[in-house]
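The values are calculated or read from the model by the stated rules, or taken from the named source; none is laboratory data. This one's a predicted model, so the numbers in the text were calculated from it and none came from an experiment. Cβ placement follows ideal geometry from the backbone for every residue including glycine, while neighbour counts extend to all protein chains displayed. Side chains are part of the model used for accessible areas, which takes the heavy atoms of the whole protein and leaves out ligands, DNA and RNA. Shrake-Rupley method; radii C 1.70, N 1.55, O 1.52, S 1.80 Å.
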Number of protein chains: 2
Amino acid sequence: MAFIGASSDPNKWGFRILANLVDGGYQGKIYPVNPKKGEILGWQVYATVADIPETPDMAVIVVPPQQVSNAVKDCVARGIQAGVVITAGFAETGNEKLEQEFVDIARKGGMVLVGPNSQGIVNTEANLYPQMPPLFPKPGHLAIVSQSGNIVGTTSRHLTIRGFGCSKCISSGNEADLHTEDYIEYLANDPQTKVILSYLEGVKDGKRFIEVAREASKKKPIVILKSGDTDAGAKAAKSHTSALAGSDAVYQAMFQQTGIIRVSTIYEMLDAALAFLCYPLPRGRRVGIVAAGGGWGVLATDACAKLGLDVVTLSPETISELDSFMPVWWSRGNPVDLVAGTFGENLTRAVEVVLKSPATDGVILLGLIPAARPGRVMQSMTEADRKRAQDDMAERIIGVIDGIAEMVKRCGKPVIIGSELPAISAAFAQQLNKALADKNFWCFTMPHEAATAFALLARYAEYLNLK
Amino acid sequence: MAFIGASSDPNKWGFRILANLVDGGYQGKIYPVNPKKGEILGWQVYATVADIPETPDMAVIVVPPQQVSNAVKDCVARGIQAGVVITAGFAETGNEKLEQEFVDIARKGGMVLVGPNSQGIVNTEANLYPQMPPLFPKPGHLAIVSQSGNIVGTTSRHLTIRGFGCSKCISSGNEADLHTEDYIEYLANDPQTKVILSYLEGVKDGKRFIEVAREASKKKPIVILKSGDTDAGAKAAKSHTSALAGSDAVYQAMFQQTGIIRVSTIYEMLDAALAFLCYPLPRGRRVGIVAAGGGWGVLATDACAKLGLDVVTLSPETISELDSFMPVWWSRGNPVDLVAGTFGENLTRAVEVVLKSPATDGVILLGLIPAARPGRVMQSMTEADRKRAQDDMAERIIGVIDGIAEMVKRCGKPVIIGSELPAISAAFAQQLNKALADKNFWCFTMPHEAATAFALLARYAEYLNLK
């Protein structure tokens, strides 16, 4: 790994990014390049790229804008075939000519480039973290390609907090050479990646994007957060990464034709990522709702209806099977309101009855805590007792989820869970999320999140059937 | 406090709710009532209400449905003037007649009733927590009145996690006697309450609701999450609390006329609550955005545009003032993209320049972390070093926020902050949120949340000007 523009000044990106590369535990050799030579972070600094004793696989370029063309020239001369240009100040500030110059040099020399105006890249399998923020997501199956560096950071940070890792993170910057569609094409064939997430401000080669996305979508879901869908936003995008946001109707049609799952906020992108990673696809849009609380059931029903999901009428057989163990005052309809007093096994039993009904394509289950039969939580509990009670509850919740996972396998339909586990305490949520993530499982929190997850899974299932 | 239907069986609500009343630290006397007598949780049990040696201020009623009328009769006879009927199985299951029966008894006897089908109530000032879930929100200035008990729980749990408390929590259930509008009327005059939050499935007396809400809205903001705005949801609401959801267009018009702030998810209700509690109102819809990251700026711009906010063009004077200290490659427009490399004081300086510009009614600031100049976070840090680094960062972030709070006071305009602090770690977020909540301050996380907060504040400001 060549690092062109290395610095020993901790305030400069030439140091910070190099430090992240070193701290991340990259196993290969690192060749910092700086005319001043010396040593930085334990690695010998070379005056020029030509001086490096072997041909690096890749170069990270952090020199000032005017020097990028020369740096690329040096890389090509040294036989380096890939580079990440961190340096900004090109097309996004009107400097298209300078940008085109180094791209031409690279292309003529058979070198591909990420950036410029990139925050860096991550490949967790290789412990490779040459990027601006000191973020070290663990290995996982979610790839991020983003025209905003900050949004790569936001996404990987939030995935980390939820207990999940990444395969590759790419801050694609101005996309002067490699475009989003190139990364999608690569990630579609990357065995580490199961879901592709992308933040997009604009597409440069629409035709190729459509060809690539259509095929890639058949292999794995592509979730895209497309910004610039208002005039004001499009203007802001132009000055950010020089992207031409274009007509949103065109993008919308493009996404629909190619099976791309469009989301509208970062939260929704995270939710979509974990929906695809953790849940099987439903065969249709017919939803059964089992809610340990009437209000949650009503909110989920509204959310489903708005998302084009069908909260089906349950058959008399299903109702009578539920009658056999539910309290007499239960709602006798969909949503199945478990009402105060239905705890423990009855909750999972109700889920199974609704799940196996031929009328449903899957179930939304809201409220796990009653299933875990929480004991009386004393105000006056000691810290140790509270910890024990929480461990206990975490164990019981995981037990309930394991039972549901078995059920899902038996029935071949998803049970999307929404339960406000994070609200018990931040530490509890983190502990539980980690345990669940290790089992490749994620609980949504709110009714509208669970409904959105169901709708996104259903949309992708429809694309796969159409192919 | 009379507790009618007290039980010594820990699986029964007659025990659990009583336990929460005791654990919550209620300072008055508790009189459990059960024909079996004896003692529960340290309190002497009385066989009948008539046996209680003084007149209780209130009764909690947890007996089976068929016995509620008699319990109310006993209360009236004993001179009790207020009751909370926890018992379910009335109008929501088609049993309107039985419900009307005990309401008539209460009204004739001058007794008001919460419920039936209520989860209970909370008055934090009085340490009064007779409710189903073992939740003990701390005292605060947010009141919740909800036709769903679970949603009271969800809301108070999430507020607790964010570091905030409640004044009163009311699970209004079927609203056979007291209605949402009665609670709103009371809370509008409650000095502990600064913002009223309500989950609503349906209004029973539309005319009175409008009269009450119109006046109450002039005193403090009323934030309502109205469900049943789809046919499927309305049907679910009917079987939940017997509410008639009615035409959503009628509700929408009613909310607009009365200044009610309508939200569409529980998250949005929480965000609205903290927006009103922690931020001053803007005088209009003209927004300046300062973003420590281009992508965040674009997303915020889109969100603002969709919410009817105006991301204004900055004047040449403002641009040239920013030019004086920003790096040459900055975006020179709104959003002000601080771009990689703008740290520390420059961030708050940019906020101040945009805030004091006559062209803006307020600022959205995205990304606090760069302002706090984070050091190099080593992968290999010890737990203690990491803790110290986080304490350090929390302190610096609080310093930045304090500076901004001063600026807000000077300019009389809001600076809504969105910054992904929670993603640093769950413990860090909790620590920081607690410190900020103590200063009555809340940081939003995502760009769309900050934009939504601005829009909700602007909407309420418009109502106040119209009165």
> Which ³J(HN,Hα) values, rounded to whole Hz and listed in residue order, are derived for the stretch A:257-265 from phi using the Karplus coefficients 6.51, -1.76 and 1.60 in 6.51 cos²θ - 1.76 cosθ + 1.60 with θ = phi - 60°, glycine and proline given as x?
Replying inline: 5, 9, x, 6, 8, 8, 10, 10, 9
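Given the protein assembly as shown, what percent of its DSSP beta bridges are antiparallel, to the nearest 5?
Roughly 15 percent of the DSSP beta bridges within the protein assembly as shown come out antiparallel.
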>> What does the copy distance list look like for B:ARG410, label position 7 Å along Cα→Cβ, in nm and ordered from shortest?
In response: 6.7
> Cα to Cα, under 18 Å, and not fewer than 8 places away if on the same chain: which aspartates and glutamates meet these conditions relative to B:LYS219?
Replying inline: B:GLU181, B:ASP182, B:GLU185, B:ASP190, B:GLU211, B:GLU462
>> Using only the Cα atoms of the protein assembly as shown, what semi-axes does the equivalent ellipsoid have when each is the square root of 5 times a gyration tensor eigenvalue? Give whole Å, largest first.
In response: 53, 29, 26
>> Assume the label is 7 Å from Cα along Cα to beta carbon: what separations in nm does A:LYS204 have to the matching positions in the other copies?
In response: 6.5
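I'd like the antiparallel share, as a percent to the nearest 5, of DSSP beta bridges with both residues in chain B. Can you show the working numbers first?
Numbers: 8 of 53 bridges.
Looking only at bridges with both residues in chain B, the antiparallel portion is about 15 percent.
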> Under 14 Å Cα-Cα from A:LYS306, which aspartates and glutamates qualify once same-chain neighbours fewer than 8 residues away are excluded?
Replying inline: A:GLU449, B:ASP229, B:ASP231, B:ASP248
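If you take every DSSP beta bridge fully contained in the stretch B:1-142, what fraction is antiparallel? Give it as a percent rounded to 5. Kindly include the intermediate steps, with their values, before the conclusion.
Details: 4 of 17 bridges.
Roughly 25 percent of the beta bridges in the stretch B:1-142 run antiparallel, per DSSP.
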>> To check my understanding: the extent here is largest minus smallest coordinate of the Cα atoms along each principal axis. What are those three numbers for chain B, in Å, largest first?
In response: 81, 54, 37
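Using only alpha-carbon positions, what ratio does the radius of gyration of the stretch B:82-163 give when scaled by 2.2 N^0.38 Å?
Numbers: Rg = 14.5 Å, N = 82, 2.2 N^0.38 = 11.7 Å.
The reported ratio for this selection is 1.24.
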>> For the stretch B:255-297, what does the accessible surface come to per residue with a 1.4 Å probe? Please give it in Å².
In response: 26
>> How far, in whole Å, is the closest Cβ of chain B from the axis that maps B onto A, and which residue does it belong to?
In response: B:ALA426, 2
> Residue by residue, what Karplus-based ³J(HN,Hα) values in Hz, rounded to whole numbers, does the stretch A:391-406 have, using 6.51, -1.76 and 1.60 with θ = phi - 60° and x for Gly and Pro?
Replying inline: 4, 4, 5, 4, 5, 5, 5, 4, x, 4, 5, 4, x, 5, 4, 4
> What does the charge add up to near A:ARG286, with Lys and Arg as +1, Asp and Glu as -1, over the other residues with Cβ less than 15 Å from its Cβ?
Replying inline: +2
> Using a 1.4 angstrom probe on protein heavy atoms only, which residues from the stretch B:435-467 are buried by at least 10 Å² of accessible area when all chains are present rather than their own chain alone?
Replying inline: B:THR445, B:MET446, B:HIS448, B:GLU449
>> Suppose you put the label 7 Å out from Cα in the Cβ direction; list, shortest first and in nm with one decimal, how far B:GLN256 is from each other copy's label.
In response: 2.8
> If you find the alpha carbon centre of the stretch A:403-447 and of the stretch B:95-117, how far apart are they in angstrom?
Replying inline: 41
> Quick one: Cα centre-to-centre distance for the stretch B:143-177 and the stretch B:186-250, in angstrom?
Replying inline: 14
>> Checking the cross-link filter: which lysines have an alpha carbon closer than 19 Å to that of A:LYS387, excluding same-chain neighbours under 8 positions apart?
In response: A:LYS434
>> If you take the accessible area of A alone plus B alone and subtract the pair, what total do you get in square angstrom, rounded to 100, with a 1.4 Å probe?
In response: 5700
> Under 5 Å between amide H atoms, partner at least 5 residues away or on a different chain: which partners does A:GLY140 have, H built in plane at 1.01 Å?
Replying inline: A:CYS166, A:SER167
>> Quick check: residue separation of A:ARG386 and A:ASP205 times 0.36 nm, minus the Cα distance between them. What number comes out in nm?
In response: 59.5 nm
> Do any of B:LYS138/B:LYS168; B:LYS97/B:LYS204; A:LYS12/A:LYS226; A:LYS194/A:LYS238; A:LYS204/A:LYS235; B:LYS12/B:LYS36 go past 20 Å between their Cα atoms, and which?
Replying inline: A:LYS12/A:LYS226; A:LYS194/A:LYS238
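Under the classification rounded if a/c is under 1.5, otherwise prolate if a/b is larger than b/c and oblate if not, where does the stretch B:88-246 fall, given a ≥ b ≥ c as square roots of the Cα gyration tensor eigenvalues?
rounded
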